[in-house]
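Okay, structure first, notes after.
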Amino acid sequence: MLEVTHLPAFSVAGFLYEGQNTEQEIAALWGEYDAQFPHETELKFWGISRPCDGDTFQYLGGYEVTAFTPVPPNFVMWTLAPATYLRKRVHLSEIRDGIEQFFASELATQPYQFHRGPILEQYPATFDEDQFLYLLFTVEPA
């Protein structure tokens, strides 16, 4: 089930990956993050994908920050503009299928069109327990 959500501008800092994720590099990125930094439940964790040239994309995995949040020197920070998203809940093992299903059938049932913006993964505080997260697709009225 899709729900409409509006998010204000916000920033995320974390590890950056660029490629096609053919060898599970994004899972390795999160493993590197977990190994270097203790898990802090009060942080808001995000994964952000945006297309690059050709078949590659960039992925930033990290946590929400403000202008006053200390950011490790090896982290990259992206700031996202305010936007409207269609949001759906998926299991970690079904991220790829959830994205494909959104574009193959779910988007057509909505009064929105994809905006070529980033695709977000929002990790709720319960993620470690149940492995469910939210996919957010940047949209605009059709």
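The values are calculated or read from the model by the stated rules, or taken from the named source; none is laboratory data. The model shown is predicted, which means the values in this text are computed figures rather than measured ones. Quick reminder, even Gly has a Cβ in these numbers, built from the backbone with ideal geometry, and neighbours come from all protein chains shown.
Figures for the structure shown
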read-out: Search result, residues across the stretch 85-109 that are within 14 Å of the chain's Cα centre (by Cα) and either among the hydrophobic types (A, V, I, L, M, F, W, C) or within 15 Å of residue 136 (Cβ to Cβ) (or both); value: 85, 86, 87, 88, 89, 90, 92, 95, 98, 99
read-out: Test: residue in the stretch 80-90 that is at pLDDT below 95, surrounded by fewer than 16 Cβ atoms within 10 Å (Cβ to Cβ) and either assigned to a helix (DSSP H, G or I) or charged (D, E, K, R) (or both); value: no
read-out: Options 61, 31, 14; residue that is of a type outside the set (Phe, Trp, Tyr) and in contact with an Asp or Glu (Cβ under 9 Å, 6 or more places away or on another chain); value: 61
read-out: From 99, 95, residue being surrounded by 16 or more Cβ atoms within 10 Å (Cβ to Cβ), β-branched (Val, Ile, Thr) and closer than 21 Å to residue 33 by Cα; value: 95
read-out: Strands (runs of 3 or more DSSP E) lying entirely in the stretch 3-64 (those with 3 or more residues that are crowded, with 19+ Cβ neighbours inside 10 Å); value: 10-19, 45-51
read-out: Any pair with Cβ under 6 angstrom, 6 or more apart, that starts in the stretch 1-28 at a residue that is in contact (Cβ under 8 Å) with a residue 24 or more places away in the chain and ends at one that is acidic (Asp, Glu) and in a loop (DSSP other than H, G, I, E, B); value: 20/55
read-out: Qualifying residue in the stretch 53-61 (condition: of a type in the set (Gly, Ala, Ser), out of contact with any Cys (no Cβ under 8 Å at 6 or more places or on another chain), free of Cβ contacts under 8 Å to residues at least 12 places away in the same chain and over 19 Å from residue 2 (Cα atoms)); value: yes
